[in-house]
Amino acid sequence: MSWQRVLALMLRIVRQFRRDRRTLALILVVPVLVLSLIGYIYRGSGESTRLAVVEGNSPLARQVIALLEQTSSLHVTVMEREQALQAVGRREVDGVLVLPTLPVQPGTPLKVELILEGSQPSAAGAIISAVSRALPLAIIQTVSPDGQALQIEPRFLHGGPQFDQLDYFAPTFIGFFAFFFVFLLTSVSFLRERLQGSIERLIVSPLDRKEIVLGYMLGFTLFATVQSIVMVIFTVAVLRIHYVGELWLVAFLTFLLTVGAVNLGIFLSAFARTELQVVQFIPIVITPQGLLSGIIWPVDSLPRPLQWLAQALPLTWANEALRAVMIRGEGLDALGLHLAVLVGFAVAMAALAMVTLRREVA
Amino acid sequence: MDATVVADEVSRTFGPVRAIDRLTLEIPQGVIYGLLGPSGSGKTTFLRMVVGALRPSEGQLLVLGRTMPDRAVAARIGYMPQTAALYPDLTLRENLAFFGRIYGLRGRRKLEERVEQLASDLGLLGWVDQQLYRFSVGMLQRASLACALLHQPELLVLDEPTVGLDPVLRRSLWAHFRQLAEQGKTLLISTHTMDEAGRCDLLGFLRGGRLLASDTPAALRRQTGQADLEDAFLALAGQPGIPVGEL
Ligand SMILES: Nc1ncnc2c1ncn2[C@@H]1O[C@H](COP(=O)(O)OP(=O)(O)OP(=O)(O)O)[C@@H](O)[C@H]1O
Ligand SMILES: [Mg+2]
């Protein structure tokens, strides 16, 4: 084992990337752009769900409207019945809440009508949940003898009222991008090494397989680390996501994850003969991890067989750990299992990478 | 003194294809050995086994006293593959510096001197700091050769080193090869051109993976009764399967 040779290999990779402006941009600029886009989607939205309320004359009405107006994602407008029905027909509002008009015929129930436009399930869902929260509260407040308002007082064990969706997603995006880009870049570069024949020069040189894998690992994880530092700084300083844990731990977890990704890239590149075939690995390697690793849907909410599958994916463990650090502020001591899994994955992939390199001298 | 390369009944198969078939030869130290044969005859396959990029399927192949493949002799061998096999996005200097470090050349100063010297030997002085993707085929060929010569190996294995070069450059390269041989280096060079074959000390005729003959050019001419090496080759090729010893 010669560190001089490992270093030479690492420096060569770094130099090649410095030359390759476009790839450099892919590593450093693209994640920032995507993160900005995601941030904008979550935070920049002026469009909220629009609800028309037909007030009626019940004593309830005032309370209900007041409560609905407190819901930040809901834009409430009071309208006449006819006007409201036309508005929902023209999709100017997403729903109409018709509060009862008194008196009602004896024997008929007091009716609250909710008419939903319905082509946007998320808008409909938002309205239903807001209304079903507001109505009972309004009733209690109205009948409450001393006129005291009933209040829900949330207390967060972790996170807090200021934490939103973006804060929940951001830690996993860092892991996902690091994994994705590093995997892609390593497998393409290694494939190129094969295609242009330089791998043969390496194989017949004094370099041994361990040194080749290590050199690649160091070269690429260097970029991955820079990438994840850029992403962490961007999400914290520009997107201003809320977090509690230690940022160096975030960088460290990402680093561990990418070491595995580099080795997986070397390993799988042995099974590709063209760059297009490397791209074909994306649906196999990247997509399942993107879907199942808990970025969008919590692993617990998946069907059981998919949960088992998710447990086998390194990104699942990385995401859990990243969230544990950034949202719950957990430290290294609480993440022993996660670290073990990530290290185990990296080592297993390094072993596989060396096996495929051994096949090179067939 | 043992021969630099000793092949004893070496075969190499790729599935059903016998690319090298029971090849036996010896290459003594300090000679230029030319491996001559048509396309697909197994030249590259044999050279790759000699440098340790390919494992013989059968037989024993000793290079610098070690059974190949063996990384222990890697630093004493220089290999120029048939295709350039360098990094097109790096400059010639960066390519050479990379392989220099891999081969344990120490000291920035020493490395720089070696790079300049090789570039001037090979007519690439003005190109040292250009990226290789700008190079013509002939220039790439020389860059690749520079890379093989870099660490001053005892055994040089060159796969068709002069393809794509003009006659002037070709002649100067052969003069350089001769100089290296005189310094005691051993050269194993594959070629399909007859004029180059004539410049070798020893010549092996390869066809269909079999070594038809292995001797000095003069002896081969004499044995076949042909004044021309090309005719000598054709004469031998006309009688495939004759064991070398019976010629
Ligand atoms: N990696 C490989 N897999 C399968 N077959 C191979 C492989 N390498 C070489 N061969 C086969 O071995 C035979 C000899 O090939 P080789 O490249 O050694 O010929 P060559 O004499 O170098 O030809 P050329 O002058 O065209 O370079 C050919 O039939 C070729 O198809
Ligand atoms: Mg060849």
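The values are calculated or read from the model by the stated rules, or taken from the named source; none is laboratory data. The model shown is predicted, which means the values in this text are computed figures rather than measured ones. Neighbour counts run over all protein chains shown; Cβ positions are idealised from the backbone, glycine included.
I'd like to verify a number: residues in the range A:91-140 that are in contact with a Pro (Cβ under 9 Å, 6 or more places away or on another chain) and at positive phi, how many?
So the count comes out to 0.
Tell me which residues, restricted to the range A:190-212, are crowded, with 23+ Cβ neighbours inside 10 Å and more than 8 Å from chain B (Cβ to nearest Cβ).
Once the filter is applied, which keeps residues that are crowded, with 23+ Cβ neighbours inside 10 Å and more than 8 Å from chain B (Cβ to nearest Cβ), the range A:190-212 yields A:190, A:191, A:212.
Name the residues in the range B:174-206 that are in contact with a strand residue (DSSP E or B) (Cβ under 8 Å, 6 or more places away or on another chain), more than 14 Å from chain A (Cβ to nearest Cβ) and within 16 Å of ligand 2 (Cβ to nearest atom), would you?
B:189, B:190, B:191, B:192, B:196, B:197, B:204, B:205, B:206
Can you name the condition, by its number, that residue B:142 falls short on among (1) closer than 23 Å to residue A:195 by Cα; (2) buried (at least 21 other Cβ atoms within 10 Å of the Cβ); (3) away from ligand 2 (no atom under 16 Å from the Cβ); (4) within 14 Å of chain A (Cβ to nearest Cβ)?
Here residue B:142 meets the rest and fails (4).
Would you tally the residues in the range A:1-57 being closer than 26 Å to residue A:215 by Cα and more than 14 Å from chain B (Cβ to nearest Cβ)?
Here the count works out to 7.
Which residues, taken from the range B:32-74, are buried (at least 21 other Cβ atoms within 10 Å of the Cβ), of a type in the set (Ser, Thr, Tyr) and more than 10 Å from ligand 1 (Cβ to nearest atom)?
B:33
Does residue B:204 meet the test of being touching a residue at least 40 places away in the same chain (Cβ under 8 Å) and either at positive phi or not charged (D, E, K, R) (or both)?
Details: touching a residue at least 40 places away in the same chain (Cβ under 8 Å): yes; either at positive phi or not charged (D, E, K, R) (or both): yes.
Yes, satisfied.
Applying the selection to the range B:192-212, what residues are within 16 Å of ligand 1 (Cβ to nearest atom) and within 19 Å of residue B:24 (Cα to Cα)?
B:203, B:204, B:205, B:206, B:207, B:208, B:209, B:210, B:211, B:212
Take the range A:322-349 and flag every residue that is at pLDDT below 90 and among the small types (Gly, Ala, Ser).
Passing the criteria: A:324, A:329, A:331, A:334, A:336.
When the residues of the range B:49-71 are narrowed to those that are facing another protein chain (nearest Cβ under 9 Å) and in a helix (DSSP H, G or I), which ends up nearest to residue B:156 (Cα to Cα)?
B:51
Looking at the range B:161-190, which of its residues are touching a helix residue (DSSP H, G or I) at 6+ places or on another chain (Cβ under 6 Å), within 21 Å of residue B:25 (Cα to Cα) and of a type in the set (Ser, Thr, Tyr)?
Hit for the range B:161-190 is B:190, nothing else.
Tell me which of these residue B:223 doesn't satisfy, since it passes every other one: (1) assigned to a helix (DSSP H, G or I); (2) within 16 Å of ligand 1 (Cβ to nearest atom).
(2)
Tell me the helices (runs of 4 or more DSSP H) entirely within the range A:1-111 that contain at least 2 residues that are in contact with a Lys or Arg (Cβ under 8 Å, 6 or more places away or on another chain).
Answer list for the range A:1-111: A:3-19.
Return the only residue of A:61, A:66 being outside the structural domain of residue A:167 (by TED's automatic domain parsing) and under 38 Å from the mean Cα position of the chain (by Cα).
That would be A:66, the only listed residue that is outside the structural domain of residue A:167 (by TED's automatic domain parsing) and under 38 Å from the mean Cα position of the chain (by Cα).
What are the residues in the range B:22-54 that are more than 16 Å from ligand 2 (Cβ to nearest atom) and either of a type in the set (Lys, Arg) or in contact with a Lys or Arg (Cβ under 9 Å, 6 or more places away or on another chain) (or both), if any?
Selection gives B:22, B:29, B:30, B:32, B:52.
Restricting attention to the range B:84-100, does a residue exist that is in contact with a Ser or Thr (Cβ under 9 Å, 6 or more places away or on another chain) and within 16 Å of ligand 2 (Cβ to nearest atom)?
For the range B:84-100, residues in contact with a Ser or Thr (Cβ under 9 Å, 6 or more places away or on another chain) and within 16 Å of ligand 2 (Cβ to nearest atom): present.
Among the residues of the range B:155-173, what is the count of those that are within 14 Å of chain A (Cβ to nearest Cβ) and surrounded by fewer than 19 Cβ atoms within 10 Å (Cβ to Cβ)?
Keep residues of the range B:155-173 that are within 14 Å of chain A (Cβ to nearest Cβ), which gives B:155-160.
Retained after the next criterion (residues that are surrounded by fewer than 19 Cβ atoms within 10 Å (Cβ to Cβ)): none.
Of the residues in that region, 0 qualify.
Among all residue pairs at least 6 apart or on different chains, which show Cβ distances below 7 Å where the first residue, located in the range B:39-57, is more than 13 Å from residue B:21 (Cα to Cα) and the second is outside any loop (DSSP other than H, G, I, E, B) and near ligand 1 (Cβ under 6 Å from one of its atoms)?
Listed by first residue and then by second, the contacts come to B:54/B:45.
Among A:272, A:237, which is assigned by TED's automatic domain parsing to the domain that holds residue A:25, in contact (Cβ under 8 Å) with a residue 12 or more places away in the chain and not aromatic (Phe, Trp, Tyr)? Write out each step before concluding.
Numbers: A:237 fails: in contact (Cβ under 8 Å) with a residue 12 or more places away in the chain.
Result of the check over A:272, A:237: A:272.
Just one of A:268, A:315, A:302 is closer than 12 Å to residue A:176 by Cα and not hydroxyl-bearing (Ser, Thr, Tyr); which is it? Break it down into steps so the answer makes sense when it comes.
On the way: A:268 fails: closer than 12 Å to residue A:176 by Cα; A:302 fails: closer than 12 Å to residue A:176 by Cα.
Answer to the selection: A:315.
Which residue pairs have Cβ atoms under 8 Å apart, sit 6 or more places apart or on different chains, and have a first residue in the range B:11-32 that is closer than 21 Å to residue B:67 by Cβ and acidic (Asp, Glu) and a second that is within 8 Å of ligand 1 (Cβ to nearest atom) and not in a strand (DSSP E or B)?
B:21/B:42; B:21/B:209
Count, please, the residues in the range B:88-98 that happen to be at the interface with chain A (Cβ under 7 Å from one of its Cβ atoms) and assigned to a helix (DSSP H, G or I).
Qualifying residue count for the region: 2.
Exactly one of (1) farther than 30 Å from residue B:112 by Cα; (2) among the β-branched types (Val, Ile, Thr); (3) touching a Lys or Arg at 6+ places or on another chain (Cβ under 8 Å) is unmet by residue B:162. Its number?
So residue B:162 meets the others, but not (1).
Can you name the condition, by its number, that residue B:155 falls short on among (1) over 13 Å from the mean Cα position of the chain (by Cα); (2) over 18 Å from residue B:216 (Cβ atoms); (3) in contact (Cβ under 8 Å) with a residue 24 or more places away in the chain; (4) away from ligand 1 (no atom under 16 Å from the Cβ)?
(1)
Hey, can you tell me all the residues within the range B:75-87 that are within 7 Å of chain A (Cβ to nearest Cβ) and either assigned to a loop (DSSP other than H, G, I, E, B) or surrounded by fewer than 23 Cβ atoms within 10 Å (Cβ to Cβ) (or both)?
If the condition is that a residue be within 7 Å of chain A (Cβ to nearest Cβ) and either assigned to a loop (DSSP other than H, G, I, E, B) or surrounded by fewer than 23 Cβ atoms within 10 Å (Cβ to Cβ) (or both), then B:75, B:81, B:83, B:85, B:86, B:87 are the ones that fit.
Across the range B:174-193, what is the total count of residues that are aliphatic (A, V, I, L, M) and surrounded by fewer than 17 Cβ atoms within 10 Å (Cβ to Cβ)? So that I can check it myself, show each step before the final result.
Going through the range B:174-193, the residues aliphatic (A, V, I, L, M) turn out to be B:175, B:180-181, B:187-189.
From the residues that got through so far, the ones that are surrounded by fewer than 17 Cβ atoms within 10 Å (Cβ to Cβ) too are B:175.
So the count comes out to 1.
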